[in-house]
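Below is one structure, written out as structure tokens; comments come after it.
Laboratory data are not the source of any read-out in this text; all were calculated from the coordinates shown. All values reported here derive from a predicted model rather than from experimental measurement. Cβ coordinates were reconstructed from backbone atoms using ideal geometry, including for glycine residues, and neighbour counts include every protein chain displayed.
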Amino acid sequence: MRGPEANHEVEGELMKTRPSILVLGHARAGKDTVAEILTRDQGMRCASTSAAAAQIVRLALAEEGIHYDSSEACFADRVNHRSEWFDIIADLNSADPATLVRHILSDHDVVVGLRSAREFEAAAPLLDAIWWVDSSGRGVPPEPTSSMDIVFDPSRMTRIDNGGSLADLERNVASAMADAWISLADRFERAA
């Protein structure tokens, strides 16, 4: 469970006081930049699924003859082995597709970078907001489905435009965050 500063009790049930957010998007869309903005401006605790799984991925890649000196080096080079990362994390989540997300949400507010539609579907009910970072306006191409098979769904996801300046992205994140707080307040109201 998160620390007591992030929760309070409503009718005997522990309720969180910060929204749980999933930040999605293709490689190089700006997901980590969104997380940095959330940490800096909102005090949100963010964690990347790739960073959380880096040690497991490093060991699995070593079995395939791809060696790294550290988990950090493996994580930094993930762009060169996206398909392998996708498969290894899918194996990690085979019994419960939301395993990695549950682990991250145990002490973070924001999950950054889920890549599997199966894992997304299992994790979606755990979240207050799902954001899709879109950098197509900067010419960043979509990834092949071999490394990212989640598709933007405007009925379930908030689109965060990252096609402009950093200041534009900061405004877009602030707007989406206001909506996430409203969603959490609505949940409290229904629970009370």
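Results, tabulated for the structure shown:
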{"item": "Listed residues GLY163, GLY113, GLY65, most fluctuating in the chain (Gaussian network, C-alpha, under 10 Å)", "result": "GLY65"}
{"item": "q = 0.21, 0.27 Å⁻¹: log10 I(q)/I(0) that the Debye formula gives for the stretch 94-135, counting C-alpha atoms only", "result": "-0.66, -1.05"}
{"item": "Label zone at SER83, where the point sits 7 Å out along the Cα-to-Cβ direction: the stretch 106-147 residues whose backbone N lies under 15 Å", "result": "143-147"}
{"item": "Relative contact order [Cα under 8 Å, 6+ residues apart], the chain, whole percent", "result": "31 percent"}
{"item": "Binned Cα-Cα distances of the chain, short to long, each 10 Å bin given as a whole percent", "result": "9, 35, 36, 16, 4, 0"}
{"item": "For the stretch 107-192, the fraction of alpha-carbon pairs in successive 5 Å shells from zero, as %", "result": "3, 11, 19, 24, 21, 14, 6, 2, 1, 0"}
{"item": "For the stretch 135-140, 3J(HN,Hα) per residue [Karplus equation, 6.51 cos²θ - 1.76 cosθ + 1.60, θ = phi - 60°, Hz, x = Gly/Pro]", "result": "10, 4, x, 9, x, 7"}
{"item": "Computed FRET value (nearest 0.05) for VAL151 with THR99, which takes r as the C-beta separation and R₀ as 25 Å", "result": "0.70"}
{"item": "Kirkwood Rh and Cα Rg combined as Rg over Rh, evaluated for the stretch 45-113", "result": "0.97"}
{"item": "Inter-label distance for ASP186 and ASP69, nm, one decimal - labels placed 7 Å from Cα along Cα-to-Cβ", "result": "5.0 nm"}
{"item": "MRE, 222 nm, helices only [DSSP H, n ≥ 4, -39500 (n - 2.57), over the chain, to nearest 500]", "result": "-13500 deg cm²/dmol"}
{"item": "Packing-based exposure ordering (other Cβ within 10 Å, fewest first) of TRP131, TRP181", "result": "TRP181, TRP131"}
